[in-house]
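Enquirer: To start, I am sharing the structure in question, which I have written as structure tokens.
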Amino acid sequence: MRWMTATVLATMLLLPAGGRADLSAAQRWIDVEFTPSTLSRQRQLDELQWFANAARALRQQGVKRVRVVSEVIDTHVYESTVLARAFEDITGIAVQHDVIPEGELVERLQASVQRDSSEYDGWVSDSDLIGTHYRSGQVVALSDYMAGAGRAFTNPGLDLADFIGIKFTTAPDGKVYQLPDQQFANLYWFRADWFARKDLQARFRARYGYELGVPLNWSAYEDIAAFFTTDVQQIDGIKVYGHMDYGKRDPSLGWRFTDAWLSMAGAADKGIPNGLPVDEWGIRVASDQCTPVGASVTRGGATNSPAAVFALTKYVEWLKRYAPQAAMDMTFSQAGGVPAQGQIAQQVFWYTAFTADMLKNGLPSMGENGLPKWRMAPGPHGPYWKEGMQNGYQDVGAWTFLKSTATPQLAAAWLYAQFVTSRTVSLRKSIVGLTFIRESDIKHDYFTRHAARYGGLIEFYRSPARVAWTPTGNNVPDYPRMAQLWWRNISTAVTGERSPQAAMDALAQDMDGVLADLEQRGMKHCAPRLNPKRDPAFYLSSKGAPWSKLADEKPPGATIAYERLLQAWREGRVR
């Protein structure tokens, strides 16, 4: 709440502590907090009146409090400290909104599923788990709930079509299983002020034979990384680096790869959102587009294919050659804010969830005019990438409910989930956390007037091209178990214990092992059915994943001027 004035805080603290619905409190919250909004003030009041009425029926059933949980990002901190209090003041139902590390959240959710007893009434879990949720049979299908038992507690103004990530929370059966709460992408980040310097442009052109600009491929990214790290070395007396990443043996190292790094290299098949029949994890599904049949190349998958091995090789090389030495022992959260410190020229894999923290006045990466010196753009592609493939990753944290939750508690948690995503509050939440979920918020005049503050984020989210950035897809049948395999195996390549090929071979074998176990146990929907092992040559191809090894994995570097890129976004093109 660092952005809030003392007056606003004092006003909020005078609001009723809860225990009964108070519509005068709704009016005060609109005045001091829920402005601006995409709704008129009267429509906001009408929506909050509906929440108060719906909550009254639950209070009569004895519901006094709900317990929910989400991961640690600015958006969820805002919900837990501000929106939870507002919900209690308006509805009379208290909210315990815990904010914990994502790895712990996934473990707790998995444990609740295994014991068929939900620890929380509501969970914000990534839509990366959609394949798991759908197959488990233990997650509430919201489409069914809204039409049946939850109909009386479903906001008439919910407007699912306004949610930009709703298709990512929809399973192969066509039903919505999760309600998006926050969303962010991994994009390319760079110091636009350094890239605009005529002296650096001339030096780069003389050294590499093309223009310094936003890299379109990994060859150009590598050239730029080498240029700033080894040629430029210092800017204004400060040591600079051409790359930033993280490499600590930690669960977050897995996200670095499962969040579409292999598909950015071109390891998957064509097709949005995730490639079919082979997805960005390298998992192949059968012709029904639902039954996993293998991850290793010997079973038709691509987890240890030449493109995947190339992706890991470049990750390790760039981390060791062009990033600060400290990055080797950093986690996702530790590394996220490093570019703001003023030493990093570019980052190939940067989560826009860090945008809010990068905009603080006084940071070396911020100008005296209050505008960022940096910009964000689509990430460059590896040499195996082809037009029509996924461009990158987008995280969609979404409300998830287990069938084991008591009926009144589920209804109350569903009410809270709709409140924190409602049009009454979502624009303000978008301004605080910059994790957009609604088209109406993205298009609001507030962001038109302030677009320059966000370094390209608004232009990206307004472009139809954003649909090519997608979360983990339906091919993954057990995200909690399989995600753990990535960081444990990838870390052996980072430390040098194994070669990239050996690390990916081990990962593919482990993934096939989990698929085999799930095949034996059975699942409610689309249980794995492994292909028999065959010689890799049977599957490696120039027509589809797993792709055959290229003779030249470093084609000529190519870049684009940032202004041309912005114009492409305005026209609905990726580049």
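The values are calculated or read from the model by the stated rules, or taken from the named source; none is laboratory data. Note that this is a predicted model, so its numbers are computed, not measured. Methodologically, a virtual Cβ is constructed for each residue, glycine included, from the backbone with ideal geometry; neighbour enumeration extends over all protein chains shown. For accessibility, only protein heavy atoms count, side chains too; no ligands or nucleic acids. Shrake-Rupley method; radii C 1.70, N 1.55, O 1.52, S 1.80 Å.
Enquirer: Counting pairs of alpha carbon atoms under 8 Å apart in space and at least six apart in sequence, what relative contact order in percent does the chain give?
Expert: 24
Enquirer: Quick check for you: with a 1.4 Å probe and neighbouring chains kept, what is the accessible area per residue of the chain, in Å²?
Expert: Per-residue accessible area for the chain comes out at 37 Å².
Enquirer: Continuing with this model, one more query. In whole Å, how far is the Cα centre of segment 31-78 from that of segment 223-279?
Expert: Each part reduced to its Cα centre gives a spacing of 39 Å.
Enquirer: Using the Cα centre of segment 476-575 as origin and beta-carbon charges of +1 (Lys, Arg) and -1 (Asp, Glu), tell me which of Pro536, Asn489, Ala506 is placed farthest towards the positive end of the dipole.
Expert: Going by the Cα projections, it comes out as Pro536.
Enquirer: Same structure again: Please give the helix 23-32 orientation as an angle from the longest Cα principal axis of the chain, in degrees from 0 to 90, rounded to the nearest 10.
Expert: 40
Enquirer: Still on this structure, I have one more. Measure nothing fancy, just the Cα-based angle from helix 479-495's long axis to the longest principal axis of the chain, in degrees from 0 to 90, nearest 10.
Expert: The angle comes out near 40 degrees.
Enquirer: Continuing with this model, one more query. Testing the spin-label approximation: label points 7 Å from Cα along Cα→Cβ at Glu571 and Arg249. State their distance in nm.
Expert: It is 5.0 nm.
Enquirer: Just add up the charged neighbours of Ala196: K/R +1, D/E -1, any other residue whose Cβ is under 13 Å from the Cβ of Ala196.
Expert: Result for the neighbourhood of Ala196: +1.
Enquirer: Separate question: Would you give the gap between the C-alpha center of segment 131-168 and the C-alpha center of segment 93-128, rounded to a whole Å?
Expert: 17
Enquirer: Among residues other than Ile560 whose Cβ falls under 12 Å from its Cβ, what is the net charge (Lys/Arg +1, Asp/Glu -1)?
Expert: Charge balance near Ile560 sits at +1.
Enquirer: Give the shape of the chain as rounded, prolate or oblate, defined through the alpha-carbon gyration tensor: a ≥ b ≥ c are the square roots of its eigenvalues, a/c under 1.5 means rounded, and otherwise the shape is prolate if a/b is larger than b/c and oblate if not.
Expert: oblate
Enquirer: Count the net charge of all other residues whose Cβ sits under 13 Å from the Cβ of Gly131, scoring Lys and Arg as +1 and Asp and Glu as -1.
Expert: -3
Enquirer: Indicate the gyration tensor shape class of segment 367-467 (rounded, prolate or oblate), computed on the Cα atoms with a ≥ b ≥ c the square roots of the eigenvalues: a/c under 1.5 is rounded; otherwise a/b larger than b/c is prolate and the rest oblate.
Expert: Oblate shape, in that a/c is at least 1.5 and b/c is the bigger or equal ratio.
Enquirer: Provide the per-residue ³J(HN,Hα) series for segment 205-217, in order, calculated from phi with Karplus coefficients 6.51, -1.76, 1.60 and θ = phi - 60°, each as a whole number of Hz, with x at glycine and proline positions.
Expert: Going residue by residue, I get 4, 5, 7, 10, x, 8, 7, 6, x, 5, x, 8, 9 Hz, with x marking Gly and Pro.
Enquirer: Using a 1.4 Å probe on the protein heavy atoms, what percent of the accessible area of segment 124-250 belongs to carbon and sulfur?
Expert: 50
Enquirer: Which FRET efficiency, nearest 0.05, do Glu119 and Thr495 yield, Cβ-Cβ r, R0 35 Å?
Expert: 0.50
Enquirer: Let me ask you something else. For the chain, what is the calculated [θ] at 222 nm in deg cm²/dmol (nearest 500), taking -39500 (n - 2.57) for each run of four or more DSSP H residues and dividing by its residue count?
Expert: Value at 222 nm, helices only: -11500 deg cm²/dmol.
Enquirer: Still on this structure, I have one more. State the percent of C-alpha pairs, over all pairs in segment 532-575, separated by a distance greater than 14 angstrom.
Expert: That fraction is 68 percent.
Enquirer: Could you work out how much longer the chain between Asn361 and Glu107 gets when fully extended? Use 0.36 nm per residue separation minus the Cα distance between them, nm to one decimal.
Expert: 87.7 nm is the gain from fully extending Asn361 to Glu107.
Enquirer: Skipping prolines and chain starts, which residues have an amide H placed within reach, meaning under 5 Å, of the one on Val66, given they are 5 or more residues away or on another chain?
Expert: Under 5 Å from the amide H of Val66 lie the amide H atoms of Ala94, Val95, Gln96, each far enough along the sequence or on another chain.
Enquirer: Using Cα positions and a limit of under 20 Å, work out the lysines in reach of Lys524, with same-chain residues fewer than 8 apart set aside.
Expert: Lys175, Lys403
Enquirer: Please turn the phi angles of segment 112-124 into ³J(HN,Hα) values with the Karplus equation 6.51 cos²θ - 1.76 cosθ + 1.60 (θ = phi - 60°), one per residue in order, whole Hz, x for glycine and proline.
Expert: 5, 5, 5, 9, 6, 8, 7, 5, 10, 7, x, 10, 9
Enquirer: In whole percent, how big is the carbon plus sulfur part of the accessible area of segment 401-499, probe 1.4 Å, protein atoms only?
Expert: Taking all protein chains in place, segment 401-499 shows 50 percent carbon and sulfur surface.
Enquirer: So what are the ³J(HN,Hα) numbers for segment 446-453, from phi and the Karplus equation (6.51, -1.76, 1.60; θ = phi - 60°), rounded to whole Hz, Gly and Pro as x?
Expert: With the stated coefficients, segment 446-453 comes to 4, 7, 5, 6, 10, 4, 4, 6 Hz.
Enquirer: Obtain the nm distance between the two label points defined at Ala452 and His525 by a simple spin-label model: each point lies 7 Å from its Cα along the Cα-to-C-beta direction.
Expert: Calculated label separation equals 4.8 nm.
Enquirer: For segment 336-384 and segment 457-482, what is the separation of their Cα centres, given in Å?
Expert: So the separation of the two Cα centres works out to 21 Å.
Enquirer: Calculate the radius of gyration of the Cα atoms of segment 502-575 to one decimal place, then report Dmax, the largest Cα-Cα distance, as a whole number, both in Å.
Expert: 20.3, 54
Enquirer: Hey, another quick one. How would you classify segment 59-163 from its alpha-carbon gyration tensor, with a ≥ b ≥ c the square roots of the eigenvalues: rounded for a/c under 1.5, else prolate if a/b is greater than b/c, otherwise oblate?
Expert: Rounded, because the longest to shortest axis ratio a/c is under 1.5.
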